[in-house]
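Quick note: the coordinates plus some simple rules give every number you see, no bench work behind them. Nothing here was measured: the structure is a model prediction, and the numbers come from that model. Cβ coordinates were reconstructed from backbone atoms using ideal geometry, including for glycine residues, and neighbour counts include every protein chain displayed.
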């Protein structure tokens, strides 16, 4: 399956955030080139790219991951005001995994909206990111040329399973909705490359040393390894991962926790209704400071402090905390977190920051209760909309807490929940990599794949 990159950029155009611009003005831009991965109709998974061209020849485009066999729109990303050279680099990266074919827009439109409609028949909703990325597409009206696209297999929903991914929850859902025998299960083992075979042999050889270890013994062993200094934990973490997923408790907890996050309305635009954003006249300055924090963290500190003095607001405190963290100013981080939370105890982002403060202070006994057992709707019952950074912050804290308190099954459940969010901002992805220090089973896999 193609891998797509995330260009973390915040560029203001006509005083609008990228998200606001896409929502209100993207459809005024002409459709440019569209692409799809070769073999999409055979394997049932489509990666579609739909671009629109600005007057400066830059491109705003969406990437849509679509399952035409059953699940519909699984994910989507948006890229704003990207140069043609960057766009070509992006396509080259996609083509390294699978050749991308240029197509006409109507085919892309019919695949995306047709898959969403097909999946909706079985109560699968499009990924929440589509609330924004739909505006890169044309409106779904009769004016769009109809192209017949086959969905499912023999008009039935079809799920691809493998030995490592039995898709238990989705299969269970289909049994409830359409009944046994009314959907197709494809058991598929994909062909392995020579490199994959070498990795498997290497892992299997390592696993032999730990075949008789219990889960508790393996956890103890993991805690005494430095994953950056030794290749040996690769075998350990693979074995542990297999055992954890095979336990009934793991499936039970997954079925209990995942729905608590799947039903949330999660957005990536701070200006979305339902979030406590700044007054409109402050939006441009906020995005300027946000860029400054992640590009010149040292210079951002003074700017954030001055802004807070002139206009105190929880979002500005959040940026200041991030600037301190990037400069490794731990004392200032803790002091600012406590001060900000005292001022704004109902602010979710600052509550999460305070939860991390408790974690750093080794006050583990207080965290789970303070964070309402990491359930967003209980932490902030008055909220109906959540920012992606708030949700990933809760999940990060839950992972670290449960790993630190030796509840690795729960930590693993939350880690896999985090893996369902793709297209994370760059700084969130870096935090995710740091989290792997607590969850070794996934750390080695991601570090090896990303060569980090």
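Structural remarks
- By the count of neighbouring beta-carbon atoms within 10 Å, fewest first, 133, 405 end up ordered 405, 133.
- Counting neighbouring beta carbons within 10 Å and listing from fewest to most, the residues 288, 402 come out as 288, 402.
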